[in-house]
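Notes to accompany the following structure.
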Amino acid sequence: LLSLLGLAVFILSVVMGERLSRKALKPVIQNMESQKKFIADASHELRTPISIFSASLEVLEKEEKSKMSSFSQETLNELKEEVHQMKNLVSHLLTLAKDQERQEIHKDSFSINELARKMASQYERLSQSTRTVKVIAPPEDLIVEADRVRIKELLQLLLDNALKYSDAGSPVEIRLKAQAKNNLVIEIRDEGEGIPSADLPYLFDRFYRVDKGRSRTQGGAGLGLSIAKEITSLYRGSIEAESQPGKGTTFRVELPVLA
Ligand code: ADP
């Protein structure tokens with residue numbers, strides 16, 4: 001059963017990882033309509049088998065793990081990691097498909113200072129205090145009028161990356177500023193491995209990963225930043241990356257959403 005599962009996961013990984021890569025997709029997807037349909041169909045189709053894998057692995061772990069050799073236990077852990085990665089990929093795909101379908105955007109009114117502080121402490125707690133996420137913001141609340149769920153997702157995507165691509169112990173910062181007119185500036189800074197300048201123009205492309213080997217072991221599918229870009233576009237804002245390899249990266253978002 002374990003080797004069958006392994007084979008199936010491997011096949012799914014190849015299908016999802018390689019066939020969905022930018023190069024392979026290019027000739028298949030000719031226009032926005034077929035791209036939208038492809039993303040929606042692929043994500044829906046993949047959800048069920050992944051849930052079945054996940055449930056089967058749980059059963060295996062519960063009932064059989066103690067009887068397994070250490071090699072089999074290691075294989076089981078690897079399978080679990082792969083399935084987890086596939087789940088993330090499918091959830092990103094679904095978000096993309098939804099982004100394109102959804103016309104309606106909620107208009108909430110909320111303090112971005114408060115949201116950022118809340119998220120920072122959640123991330124610190126999640127890391128069991130191995131990471132620090134510092135919020136640097138003006139003392140007065142910056143009130144944002146936009147869909148809170150979308151803005152939170154945007155911050156999450158950038159914070160996930162900042163933490164993923166930097167070492168434990170190195171700090172991550174969220175900087176908030178108000179700019180002329182109603183512009184909110186959000187900067188997410190890390191002191192991680194950085195991004196080579198040759199890769200910067202492609203970062204926001206779907207499925208783009210700087211170092212495929214490295215990112216894959218860290219669970220990335222190359223979709224996070226394209227979703228971040230989509231969210232900023234919803235508000236006619238901008239997102240850009242500034243990076244020094246070996247020193248760190250700053251993602252700067254500008255959104256005309258301040259009350
Ligand atoms: P992934 O799921 O692979 O993280 P993203 O679209 O979020 O996909 O990011 C695309 C690529 O950009 C990543 O694979 C990674 O190589 C690079 N990247 C993104 N954020 C950072 C960061 N803060 N530091 C270094 N590299 C980054």
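Below, the figures for the structure above:
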| quantity | calculated |
| --- | --- |
| Considering residues of segment 224-245 that are more than 11 Å from the ligand (Cβ to nearest atom) and free of Cβ contacts under 8 Å to residues at least 60 places away in the same chain only, the residue farthest from the chain's Cα centre (by Cα) | Arg236 |
| Identity of the residue in segment 54-91, of a type in the set (D, E, K, R) and under 26 Å from the mean Cα position of the chain (by Cα), that ends up nearest to Ala40 (Cα to Cα) | Lys87 |
| Within segment 171-182, tally of residues that are open to solvent by 10 Å² or more (accessible area, probe 1.4 Å) and either more than 16 Å from the ligand (Cβ to nearest atom) or over 21 Å from Glu254 (Cβ atoms) (or both) | 7 |
| Among (1) among the polar types (S, T, N, Q); (2) more than 8 Å from the ligand (Cβ to nearest atom); (3) over 14 Å from the mean Cα position of the chain (by Cα), the one test that Gln156 misses | (3) |
| Test: residue in segment 183-191 that is within 8 Å of the ligand (Cβ to nearest atom) and modelled with pLDDT under 95 | no |
| Candidates Ala198, Ala168, filtered to the one that is part of a helix (DSSP H, G or I), more than 11 Å from the ligand (Cβ to nearest atom) and surrounded by fewer than 16 Cβ atoms within 10 Å (Cβ to Cβ) | Ala198 |
| Every pair of residues 6+ apart whose Cβ atoms lie under 9 Å, when the first sits in segment 175-193 and is closer than 17 Å to Ala146 by Cβ while the second is more than 16 Å from the ligand (Cβ to nearest atom) and among the acidic types (Asp, Glu) | Ala178/Glu140; Gln179/Glu254; Asn182/Glu145; Asn183/Glu254; Leu184/Glu254; Val185/Glu254; Ile186/Glu254 |
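Conditions tested, residue by residue: (1) on the phi < 0 side of the Ramachandran plot; (2) modelled with pLDDT of 80 or more; (3) of a type outside the set (A, V, I, L, M, F, W, C); (4) touching a Leu at 6+ places or on another chain (Cβ under 7 Å).
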| position | (1), (2), (3), (4) |
| --- | --- |
| Ala8 | yes, no, no, no |
| Arg19 | yes, no, yes, no |
| Glu33 | yes, no, yes, no |
| Ile52 | yes, yes, no, no |
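The values are calculated or read from the model by the stated rules, or taken from the named source; none is laboratory data. Keep in mind the model is a prediction, meaning the values are calculated, not measured. Glycine also receives a Cβ, built like all others from the backbone with ideal geometry; neighbour counts cover every protein chain displayed. Quick note on the areas: whole protein, heavy atoms, side chains included, nothing else; ligands and nucleic acids left out. Shrake-Rupley method; radii C 1.70, N 1.55, O 1.52, S 1.80 Å.
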